[in-house]
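Working notes for the structure below.
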Ligand code: ADP
Ligand code: MG
C-alpha cells in the first residue's frame, strides 16, 4: 500500500494552532499586549475598531526588532524568549511558545512596523493569511506597532461565531484590565472606535486600581501584605460592605501574570466568611510572587490556569493574610459572639444589630423571639411593602386579619378553571398553608398542589415587567430626594445601554454621568432602599450573561428585577397573600416555570398519595 502520511503545510498548521491561541479578538489583544510588555515598553497603546473585528492595533515604545527578527517573528516556534526546555522553568516573560504571531498572521491581515533604538530606519511587513505581501524599510519610531485587520477573514465559520460588539468589546476590556493591573508602572491607553476609553498613567498599584474601577474604589481598598519563604503577597481586598454580586473585580496575578484559580478564590472566600451579605462576592486584586520553579503555567495555551507545587500551603498563607488584613483594618467583627451566630449572621446585620460595646453573649439573632430577625436584610419590611401592594384590593376589605376567607376566591383564567375545586366546593376555611416559609400548599380537585413561593412570585413579576417594558406602561413613583448611586465607568456604560428599558419599567434618570447616576423616580413597588441592589444585580446579570450571550436586554431586565423583588424563601406570608400569589401565578402565561426555567409548582394526586399509604 502507498504511504499516506504527509506533513501539513505550514499555513495549515498555523491555522490549526490559531484555533487554539485565538478564540476571539480579545485573545489577540492579550498576545499583543504581552509581547509589548516583554519588549520592555513603558508606554503601550491599544486601538480597536468594531470590538476588534475590523482592527486591533498595539503600539509600544519597547526595544523593537531587527529586520531579520521582524520577518522571523511570524514563523512558528519563533521566539526570542527561551532557548532550551530548561528555560521553561525559569520563565519571567509572558510569551514563550512562539506561536502567537504566526497564528494571528494565519487568520488575519497583519501589518508590522518596528525599529530598534540604535537604528535610523525600521522595517514594515505585511502578511495576509500567512503569505508575506511585502517587506520594506520605513521611517518609524522606536518600538513596535502591530495591526491586525479583518480577523478570521479566511475562516468564515469563526467570524460568524463572534458575538455582538458589546460582548466582544467587554472581553477585550477584561484582558486590557488584567494586563494593566499587573503592570502599574507601564502607562496604558485604550481607544475604541476613535474615542479614548482608558488612560492609565504610570502609577502605583492603588492608583492603577482606582483609575480603572473609579474614584469611589479608593475608600474600599484594604491593603494585604505578607512575606513568607514560599510566597509573597501584596495587593488589596475590598471591604466587605462594598462587596457586589458580580465577580468582576477578582484578580490574582502570579508573577505578574493574570491567573484563574478556583482553589485560591476559595481561600479568599473563606477569609471573608461571615462578613458578606448573601450572594455578595469579595473583590480582590492580589499579586502573588512565587519561585518560578515551583509553578507550571504551560498547561493551557491561553495560560490562565496554573499548577502550583504546594497548593495547600499557598491556600493557608493567603487565607490567613487576608483575614489578618480584614482584622487589622477593623473590618472583621472583633467581638466574640458565639462562633456559630457570628458565622451565619449577615454582615450588615452584625453592624447594625450587634451592640458594639456591651457584648450580650446570649445574643442569638436567630432566636425566634428576637424581633430584629424580621428586619434582617432579606426580610426587610420595605421589601414586604413592595409586594404587599399587589394585594391592595384585598387588604382594604380587611381580610388581612385572617378571618373571613369567603372574600377570597380563585380568579383563575378559564384554562385553569378545572384545576381548582369548584367555587361551591371550596370550603369556607383556610385553603392554603405555608410550609417552612418556603412552600405554599393548596388543594386542587385531584389532590394537592405545592408551590415554591419565591419562584412563583418571580414568574408573576417577570411577566408584569415584560409587559410594562413592552408597552412602556411602567408607572413611576417620584422620589422626594434624588437618589445618587456610584458605579464604575463600565457599569455606567451598561446602564446607558439599558436606560430606555429601565425607563419603561418606571425608572426616571435625572442624569447619568461618568461615575454617578441620579435617579428621581423608581417603578412603583420598588422600595427606594432596594434600588441600588436592583441595579447592581442587573449589572451583574448582564455581565454574567456576556460569555454566552445572545441576550435580550428587555428579557434580562425583567428577569433580574423579578429576581431582586420576588418574595424570598423564609418570608412568612399571610393567608391572603398566599392565596393571592396562587391566583396571580395561575393567571400567568407560563405558570409552570420560573423565568429561569425552574419548576414553580408540583402536584400530587390523591392516587399518588394513596399509593404512599399502601
Ligand atoms: P512569543 O511571545 O511566545 O515569543 P510571539 O509569536 O508572540 O511568540 O512573538 C515572537 C517573537 O517576536 C517574540 O519572541 C519577540 O522576540 C518578537 N516580538 C513580538 N512582538 C514584539 C514586540 N512588540 N516588540 C519586540 N519584539 C516582539
Ligand atoms: Mg508572545
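Looking at the stretch 1-42, which of its residues are farther than 22 Å from residue 160 by Cβ, in contact with a strand residue (DSSP E or B) (Cβ under 9 Å, 6 or more places away or on another chain) and away from ligand 2 (no atom under 16 Å from the Cβ)? Passing the criteria: only 42.
Anything in the stretch 507-518 that is buried (at least 19 other Cβ atoms within 10 Å of the Cβ) and either under 17 Å from residue 489 (Cα atoms) or free of Cβ contacts under 8 Å to residues at least 12 places away in the same chain (or both)? List them, or say none. Working first, answer last.
In the first step, residues of the stretch 507-518 are kept if they are buried (at least 19 other Cβ atoms within 10 Å of the Cβ); the result is 507, 517.
Passing the criteria: only 517.
If I filter the stretch 161-177 for residues that are in a helix (DSSP H, G or I), under 30 Å from residue 16 (Cα atoms) and out of contact with any helix residue (DSSP H, G or I) (no Cβ under 9 Å at 6 or more places or on another chain), do I get at least one hit? Yes, the stretch 161-177 has at least one match. Against the list (1) part of a loop (DSSP other than H, G, I, E, B); (2) in contact with a helix residue (DSSP H, G or I) (Cβ under 8 Å, 6 or more places away or on another chain), the condition residue 229 fails is (2). Across the stretch 529-540, the number of residues qualifying as out of contact with any strand residue (DSSP E or B) (no Cβ under 6 Å at 6 or more places or on another chain) and touching a residue at least 40 places away in the same chain (Cβ under 8 Å) comes to 7. Taking the criterion of being over 28 Å from residue 158 (Cα atoms) and away from ligand 1 (no atom under 12 Å from the Cβ), the residues of the stretch 125-145 that qualify are 135, 136, 137, 138, 139, 140, 141.
When residue 540 is tested against (1) buried (at least 19 other Cβ atoms within 10 Å of the Cβ); (2) in contact with a helix residue (DSSP H, G or I) (Cβ under 8 Å, 6 or more places away or on another chain), only condition (2) is not met.
Every residue, every condition in (1) modelled with pLDDT of 90 or more; (2) within 23 Å of residue 436 (Cβ to Cβ); (3) within 33 Å of the chain's Cα centre (by Cα); (4) not in a helix (DSSP H, G or I), yes or no:
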residue	(1), (2), (3), (4)
547	no, no, yes, no
551	no, no, yes, yes
556	no, no, yes, no
559	no, no, yes, no
563	no, yes, yes, no
578	yes, yes, no, no
581	yes, yes, yes, no
590	no, no, yes, yes
602	yes, yes, yes, yes
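In summary, residue 353 fulfils each of the numbered conditions (1) farther than 26 Å from residue 537 by Cα; (2) at pLDDT below 85 with the single exception of condition (1).
Name the residues in the stretch 28-42 that are more than 12 Å from ligand 1 (Cβ to nearest atom) and more than 11 Å from residue 179 (Cβ to Cβ), would you?
Just the residues of the stretch 28-42 that are more than 12 Å from ligand 1 (Cβ to nearest atom), to begin with: 29, 42.
The answer is 42, and nothing else.
Reported count of residues in the stretch 114-151, each being surrounded by fewer than 21 Cβ atoms within 10 Å (Cβ to Cβ) and without any contact (Cβ under 8 Å) to a residue 60 or more places away in the chain, is 15. In the stretch 53-75, the condition of being within 8 Å of ligand 1 (Cβ to nearest atom), modelled with pLDDT under 95, touching a helix residue (DSSP H, G or I) at 6+ places or on another chain (Cβ under 7 Å) and assigned to a loop (DSSP other than H, G, I, E, B) is met by at least one residue.
Table: residues versus (1) part of a strand (DSSP E or B); (2) more than 35 Å from the chain's Cα centre (by Cα); (3) more than 16 Å from ligand 2 (Cβ to nearest atom).
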site	(1), (2), (3)
98	no, no, no
102	no, no, no
105	no, no, no
118	no, yes, yes
123	yes, yes, yes
132	yes, yes, yes
136	yes, yes, yes
140	no, yes, yes
144	yes, no, no
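Going through 102, 78 one at a time, which residue ends up being within 8 Å of ligand 1 (Cβ to nearest atom), crowded, with 24+ Cβ neighbours inside 10 Å and modelled with pLDDT of 65 or more? One residue alone meets the criteria, 102.
The values are calculated or read from the model by the stated rules, or taken from the named source; none is laboratory data. Everything quoted here is computed from the prediction, not taken from an experiment. Cβ sites come from the backbone with ideal geometry, for glycine too, and all protein chains shown count toward neighbours.
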